[in-house]
Amino acid sequence: MDAKDIKNHLNMMFPSPKCELEYKSPYELLVAVILSAQCTDKRVNIVASELFKKYNTPESMLTLSQEELETLIHSCGFYHNKAKNILNMSRALVEKYNGEVPNSLEELQTLAGVGRKTANVVYSEAFKGDAIAVDTHVLRVSNRLGLANTSDPHKCEQALMKCFPAKDWSELHLQMVHFGRYKCKAQKPECEGCPFTEICVDKK
C-alpha cells in the first residue's frame with residue numbers, strides 16, 4: 001500500500017474533514033490554537049466561546065491584564081504561559097501588523113506562542129495555504145502507517161511532504177487528526193475493520 005492508497009482510504013473514511021476548533025476570524029483561530037496545547041478542542045471551544053464574546057480582537061484582548069486573562073482561560077491548563085503568549089502575540093499584531101494576523105508561515109512563526117505546528121494550522125485553515133501541521137495524532141498515525149519513523153514533528157512533517165502532493169497537505173492533516181483522535185487512538189486503537197492493518201507497524 002503506497003501513499004496514494006492511504007490517501008484514498010482516508011478520503012473514504014473522512015471525505016470532508018473540518019477543523020474542530022470554532023472560530024470566526026484568523027485571530028480567533030490563532031488564540032484557539034494557542035489554547036489547545038495539551039488541551040482538548042472541546043474544552044477550548046467552551047472557554048473560547050465565552051472569551052470571544054468580549055475579547056475577539058488583539059486590541060480588545062490587550063485591555064485584559066495577564067491575571068485577568070489567566071482567570072478566563074484557567075481550565076485550558078498551562079494558563080500562565082498561554083495568557084502571556086496570547087497578550088504578547090496580540091501586542092505584536094497591533095504594533096507590527098495593524099491588528100491583522102499575517103498570512104505567511106514565516107511571519108506567523110515570529111509571534112509569541114506560535115511554533116511550526118500552530119503556524120501551519122493557521123496558514124492552512126484561515127488562509128487556505130498548503131501545509132501539514134503535525135500534532136500528537138498526526139505523529140502517531142504517521143509512524144504507525146510507516147510514513148515516518150521519528151519522534152520529531154518537524155522530521156515527520158518533512159516526510160509527509162515528500163509522500164503527498166502539496167494540494168493534499170491541508171486535507172490530509174485534518175484526516176489524520178480525525179483518524180488518530182477517533183480510530184487510531186494512542187491507548188486503545190480500534191484496529192478491527194481498519195483498512196491499514198496490513199501496513200501498521202504497531203498493530204495489536
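Run down 142, 60, 49, 90 and say which single residue is within 23 Å of residue 167 (Cβ to Cβ) and hydroxyl-bearing (Ser, Thr, Tyr).
Working: 60 fails: within 23 Å of residue 167 (Cβ to Cβ); 49 fails: within 23 Å of residue 167 (Cβ to Cβ); 90 fails: within 23 Å of residue 167 (Cβ to Cβ).
After ruling out the rest, the residue left standing is 142.
Residues in the range 139-161 that are among the small types (Gly, Ala, Ser) and either without any contact (Cβ under 8 Å) to a residue 40 or more places away in the chain or touching a helix residue (DSSP H, G or I) at 6+ places or on another chain (Cβ under 9 Å) (or both): 142, 148, 151, 159. Within the range 156-168, being of a type in the set (D, E, K, R) and surrounded by 15 or more Cβ atoms within 10 Å (Cβ to Cβ) holds for 157, 168. Take residue 178 and tell me if it is free of Cβ contacts under 8 Å to residues at least 60 places away in the same chain and part of a helix (DSSP H, G or I). Judged against the criteria, residue 178 is not a match.
Picking from residues in the range 13-31 that are surrounded by fewer than 14 Cβ atoms within 10 Å (Cβ to Cβ) and in contact (Cβ under 8 Å) with a residue 12 or more places away in the chain, the one that is nearest to residue 91 (Cα to Cα) is 24.
Is one or more of the residues making up the range 67-81 within 17 Å of the chain's Cα centre (by Cα), part of a helix (DSSP H, G or I) and touching a residue at least 24 places away in the same chain (Cβ under 8 Å)? The answer is yes, given that some residue of the range 67-81 is within 17 Å of the chain's Cα centre (by Cα), part of a helix (DSSP H, G or I) and touching a residue at least 24 places away in the same chain (Cβ under 8 Å). For the range 43-52, the count of residues that are farther than 30 Å from residue 145 by Cα and either touching a residue at least 60 places away in the same chain (Cβ under 8 Å) or in contact with a Phe, Trp or Tyr (Cβ under 7 Å, 6 or more places away or on another chain) (or both) is zero. Just one of (1) among the β-branched types (Val, Ile, Thr); (2) assigned to a helix (DSSP H, G or I); (3) surrounded by fewer than 22 Cβ atoms within 10 Å (Cβ to Cβ) fails for residue 34. It is (3). For residue 92, the requirement of being in contact (Cβ under 8 Å) with a residue 12 or more places away in the chain, part of a helix (DSSP H, G or I), more than 20 Å from residue 20 (Cα to Cα) and among the small types (Gly, Ala, Ser) is met.
Among the residues of the range 164-174, the ones that are part of a helix (DSSP H, G or I) and within 17 Å of residue 146 (Cβ to Cβ) come to 1 in all. Hey, among the residues in the range 58-97 that are within 18 Å of residue 26 (Cα to Cα) and among the acidic types (Asp, Glu), which one's surrounded by the most Cβ atoms within 10 Å (Cβ to Cβ)? Selected residue: 59.
Per the listing 136, 118, the residue uniquely under 18 Å from residue 41 (Cα atoms), surrounded by fewer than 17 Cβ atoms within 10 Å (Cβ to Cβ) and touching a residue at least 24 places away in the same chain (Cβ under 8 Å) is 136. Within this structure, residue 15 fails the test of being within 14 Å of the chain's Cα centre (by Cα) and either more than 21 Å from residue 80 (Cβ to Cβ) or not assigned by TED's automatic domain parsing to the domain that holds residue 116 (or both).
The values are calculated or read from the model by the stated rules, or taken from the named source; none is laboratory data. The shown structure was predicted, so the numbers you read here are calculated from the model rather than taken from an experiment. Note: ideal-geometry Cβ built from the backbone for every residue, glycine included; neighbour counts use all protein chains shown.
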